[in-house]
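Asks: The structure that follows is given in the form of structure tokens.
Bear in mind that the values in this text are calculations on the coordinates, not laboratory data. In this text, all values refer to a predicted model and were calculated from it rather than measured experimentally. In this analysis, Cβ positions are derived from the backbone assuming ideal geometry, glycine residues included, and neighbour counts consider all displayed protein chains.
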Amino acid sequence: MLACKRHVWDTPGLVSVAENPSAGSSLAAKIDPKNSFMYATSQSRDDIRELGMDFNNVISLAEKSVGGKIHYIEISPEIKENTKFLLEKYPGLHLDHTFAYAHATKSILLTFDVQKRKSCEEIGCKHFWSDAA
């Protein structure tokens, strides 16, 4: 039986591994990207563009850094509603559409954002990021 995991990248995670290939290779050794599904959302695309960066280039660099394919996912209206619900239910937590997508799909959120990791722990969403990565 194939044991694949679903990983969802948030914006800081994508940018971090794109800018620092050694962080990507360190992370890859821990998440096994060849036997996992990795996703980047339309929210990350928009965030990266707001930073003045080319989304496709960031994805390409991140893929090279971790040694695996990152698939693009458009955030659906249902996920946007889920985000709204989570924000109302958990005021004060650091939540966004990418977080809601990871939570709804029972994926592992790949995040460098300490506040998002704390939010994951409070809600019960899985997350991963090695501080050494």
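Asks: Under a crude label model (7 Å from the Cα following the beta-carbon direction), how far is residue 22 from residue 34 in nanometres?
Replies: My value for the distance between the label points is 2.4 nm.
Asks: In whole angstrom, note down how far apart the Cα centers of the range 8-36 and the range 48-125 are.
Replies: Result: 14 Å between the Cα centres.
Asks: Okay, next question. Could you list which residues have their amide H under 5 Å from that of residue 76, counting only those 5 or more apart in sequence or on another chain, with H placed in the peptide plane?
Replies: none
Asks: Quick check for me: using +1 on Lys/Arg Cβ and -1 on Asp/Glu Cβ, what's the dipole size of the range 20-84 about its Cα centre, in debye to the nearest 20?
Replies: 240 debye
Asks: So how strong a dipole does the chain carry about its Cα centre when Lys and Arg Cβ are +1 and Asp and Glu Cβ are -1, to the nearest 20 debye?
Replies: Values: 16 positive and 17 negative charges, 95 e Å.
I would put it at about 460 debye.
Asks: Any chance you could count the Lys pairs in the range 5-128 whose alpha carbons are under 15 Å apart, treating pairs 8 or more apart or on different chains as valid?
Replies: For the range 5-128, qualifying lysine pairs total 12.
Asks: May I ask you to compute the full-extension gain from residue 115 to residue 78, defined as 0.36 nm times their residue separation minus their alpha-carbon distance, rounded to one decimal in nm?
Replies: Contour length minus Cα-Cα distance gives 10.9 nm.
Asks: Loop-only check: which GluC sites (Glu not before Pro) in the range 42-133 are DSSP coil with at most 12 other Cβ within 10 angstrom?
Replies: Details: sites: 50, 63, 74, 78, 81, 88, 121, 122; in loops: 74.
For GluC sites (Glu not before Pro) across the range 42-133 that sit outside H, G, I, E and B with at most 12 neighbouring Cβ atoms in 10 Å, the list reads 74.
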